[in-house]
Structures are given as structure tokens and as C-alpha cells.
Amino acid sequence: MSTRRARMIEDRHLRDSARALVEADIEHLKADFTHKTIAERAMDRVMDGASDLYDEAMDMAEDNKGALAALLAAVVVWFARNPIFELLGFTPEEQDEDDLAE
């Protein structure tokens with residue numbers, strides 16, 4: 001047998017095995033799609049994404065505890081700003097109340 005013929009036979013075997021793999025993948029995908037509805041697949045994807053996002057947020061929070069504490073303190077101070085101003089003797093401007101009445 002010539003080297004060309006041997007190479008052609010070898011290439012044909014490689015092609016056939018590659019084709020078998022592709023056809024097996026297609027059958028696997030078809031089987032997967034028949035077992036789950038579109039809504040179930042979408043929900044799985046959303047849940048995976050939410051889980052990944054939660055894990056990443058927890059990692060970031062562990063790495064930046066000081067920044068997280070400062071942010072939390074700023075939010076608390078923002079929501080408690082009127083009682084804090086009253087405690088310090090500042091009164092809210094009456095102009096704001098007039099604007100709301102109009």
C-alpha cells in the first residue's frame with residue numbers, strides 16, 4: 001500500500017470518529033432539551049448566576065470589611081440625619097415643608 005493510500009485511510013478513520021463524537025453530542029443535547037422545559041432551563045441559569053453573584057459578593061465583603069463597615073455607617077447616618085440634626089440643635093428648613101405643601 002502506498003503512503004498516500006495509508007494516509008487516506010487513516011484520515012477517513014479520524015473523520016469517522018470525529019463525526020461519531022459530534023453525533024453523540026447532538027443526541028446528548030437533544031435528550032437534555034426534552035427533559036427540561038424552557039422555563040426550567042432559564043430558572044436553572046438564573047439560580048446559577050445568582051449563586052455565583054452571592055459567592056463573589058461574600059468574597060468581596062471578606063476582603064473589604066473596613067469599607068463595608070464605613071458604607072453601613074454612612075447609610076445609618078443618612079437615615080438618622082434628621083434626629084441627629086435636631087439633637088445638635090439644627091432645625092430642618094421650613095422651606096422644604098412649604099415646597100411639599102404646594
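FYI, it's all coordinate maths here, none of it is from the lab. Note that this is a predicted model, so its numbers are computed, not measured. Using ideal geometry, Cβ is built from the backbone for each residue, glycine included, and neighbour counts are taken over all protein chains shown.
Net charge dipole, the chain: roughly 1800 debye, given to the nearest 20, about the Cα centre with Cβ charges of +1 for Lys and Arg and -1 for Asp and Glu. Summed over qualifying helices (DSSP H, 4 residues or more, each -39500 (n - 2.57)) and divided by its residue number, the chain shows a 222 nm mean residue ellipticity of -29500 deg cm²/dmol.
Only one residue of Ile9, Phe33, Ala80 has its Cα farthest out toward the positive end of the dipole of the chain, where Lys and Arg carry +1 and Asp and Glu -1 on Cβ, and that residue is Ile9. Span-like helix criteria (full DSSP H runs; alpha carbon extent of at least 15 Å along the helix axis; mean Kyte-Doolittle hydropathy of at least 0.0) are satisfied in the chain by 65-79.
Projecting label points 7 angstrom from Cα along Cα→Cβ for Arg7 and Tyr54 puts them 5.8 nm apart. Of Asp55, Asp44, Asp16, the residue with the greatest mean-square motion in the GNM of the chain, using alpha carbon springs below 10 Å, is Asp16. Maximal additional length on extending the Ala18-Asp44 stretch stands at 6.3 nm, based on 0.36 nm per residue less the C-alpha distance. If you bin all the Cα-Cα distances of the chain at 5 Å, starting from zero, the percentages per bin are 2, 9, 6, 8, 7, 7, 7, 7, 8, 8, 6, 4, 4, 4, 3, 3, 2, 2, 2, 1, 0. Of the residues Arg12, Arg81, Arg41, the one that moves most in a GNM of the chain with alpha-carbon contacts below 10 Å is Arg12.
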